[in-house]
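Working notes, structure below.
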Amino acid sequence: MFHPKYTITDQLLANITRINELVHEINDLRFPKLVLVEFEKYARELSAFASTSIEGNPLPLTDVKKLLKSKPEKIRDSEREVINYNNALELLNRELDLGKIELTEKLILTIHKQVVTGLLPRHQIGKLRKHPVVVHDPKTREIVYLPPDASRVRTLLTDLLEFVRTNEKNINPLILAGIFHKQMVIIHPFMDGNGRTTRLATKLLLAKMGLNTFHLFSFENYYNQNVTKYFHFVGEYGDYNELENSLEFTEWLEYFTEGLIDELLRVQKLLPTMGRSPETKLEKHHKKIIDYIKKNEYIADRDYAHLTYRAKATRTLDFQKLIDLELIERKGKGKATYYTQKEYV
């Protein structure tokens with residue numbers, strides 16, 4: 001069985017506390033659906049750029065955006081990598097929207113297939129490796145790590161997934177996701193595409209465990225800001241057979257949670273600036289309605305009349321704009337009409 005070694009340091013505990021605070025703050029904000037759709041698109045573009053860039057893809061973010069917008073038929077391998085990653089993100093988004101989703105070997109193989117289609121021989125796509133591999137230093141190209149023998153890959157992966165499944169309620173989900181991420185990289189279950197598959201599966205695991213900013217989230221961006229540092233913390237140096245009993249996850253978990261904080265702060269800062277247009281812009285009187293509902297759970301026209309000097313016909317238009325933006329919903333009829341916050345994921 002898999003029993004990872006790690007210590008809950010003061011730094012790790014502080015990081016987890018800060019992440020929970022930021023997630024609560026972001027989830028408590030209310031934005032028009034049009035704004036969220038725009039931001040989700042930007043987050044996918046950034047994720048596809050960053051995660052493939054980590055692996056050496058040369059395409060800049062501007063080219064990635066153009067590529068995902070046009071999706072040409074004839075593409076180079078560097079372009080296919082980006083499109084594949086974006087397709088995998090969209091697939092996972094759909095799976096999450098459908099409801100409960102389990103992180104299984106079958107799902108990991110599906111993610112891998114989506115990531116490397118058209119880039120590897122058919123017998124390696126969506127298949128665990130059957131041959132030895134080595135990990136090179138991305139700068140010097142020297143061999144720095146020898147992953148487990150191919151004969152052990154399935155057993156190690158099964159043990160990891162069982163560890164995640166049985167500890168969902170026992171271990172903090174952020175720690176669990178971090179352990180999964182590093183151990184997947186250590187196992188190196190595929191001939192190629194390990195990093196991209198691992199980051200997507202980790203992202204899914206975070207979403208499944210309650211980090212419901214998944215659609216707005218691009219933690220790959222943090223790793224891409226300093227790839228050398230990312231590889232230093234997530235990887236290992238030496239032969240797995242010699243390292244197996246001494247592997248330690250604490251430093252990686254501190255780095256992993258620092259990355260989540262960085263990304264959440266970016267989302268928190270950037271989100272309010274997205275989608276500023278006459279159709280989506282909220283004026284002070286609109287915000288008064290939302291704030292009143294947050295405090296009192298609902299608002300009626302008579303309540304709004306006490307908050308503003310706007311005429312009844314104008315107040316009706318104010319309510320309707322917020323309904324159209326899917327921020328509130330109307331309940332009741334006639335004089336008993338009132339408005340509540342619209343619930344959506």
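Values computed for the structure shown
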item: Cα shape, segment 284-341, gyration tensor, a/c 1.5 rule; result: rounded
item: Radius 9 Å from Cβ of residue 305, net charge of other residues (Lys, Arg +1; Asp, Glu -1); result: +2
item: Debye log10 I(q)/I(0) at q = 0.11, 0.13 Å⁻¹ for segment 79-226, Cα point scatterers; result: -0.42, -0.59
item: Ranked 339, 292, criterion: other C-beta atoms within 10 Å, fewest first; result: 292, 339
item: Cα-centre dipole for the chain with unit charges at Cβ (Lys and Arg positive, Asp and Glu negative), debye to 20; result: 1760 debye
item: Relative packing of peptides 164-175, 131-142 - highest average C-beta neighbours within 10 Å first; result: 164-175, 131-142
item: Residues 2, 256 arranged by fewest to most Cβ contacts within 10 Å; result: 2, 256
item: Quarter of the Cα convex hull surface for the chain, i.e. its orientation-mean projected area (nm²); result: 20.2 nm²
item: Principal axes of segment 1-68: Cα extent on each, largest first, Å; result: 44, 37, 24
item: Relative contact order [Cα under 8 Å, 6+ residues apart], segment 284-341, whole percent; result: 40 percent
item: Mean residue ellipticity (222 nm) of the chain, computed from DSSP H runs ≥ 4 via -39,500 (n - 2.57), nearest 500; result: -18500 deg cm²/dmol
item: Separation between Cα centres of segment 300-330 and segment 124-154, rounded to whole Å; result: 60 Å
item: Segment 171-238 versus segment 88-107: alpha-carbon centroid distance in Å; result: 16 Å
item: Taking the C-alpha atoms of segment 133-183, convex hull volume expressed per residue in Å³; result: 73 Å³
item: Relative contact order of the chain, defined on C-alpha pairs under 8 angstrom at six or more residues apart (%); result: 24 percent
item: Global form of segment 1-154, assessed from the alpha-carbon gyration tensor, a/c cut-off 1.5; result: oblate
item: Charge dipole of segment 10-273 about the Cα centre (unit charges at C-beta), most positive-ward option of 116, 155, 23; result: 116
item: Leading residue at positive end of dipole, the chain (Cβ point charges), from 140, 83, 308; result: 308
item: Among 125, 231, 340 - extreme Cα towards positive end, dipole of the chain, charges at beta-carbon; result: 340
item: Net charge of Cβ neighbours under 9 Å - reference residue 54; Lys, Arg +1; Asp, Glu -1; result: 0
item: Ascending count of other beta-carbon atoms within 10 Å, so fewest first, for 151, 53; result: 151, 53
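Only the coordinates and a few stated rules stand behind these numbers; no lab work does. The structure presented is a predicted model; accordingly, all values stated were derived computationally and were not measured. When we count neighbours, we look across all protein chains shown, and the Cβ atoms used for this are built from the backbone with ideal geometry, even at glycine.
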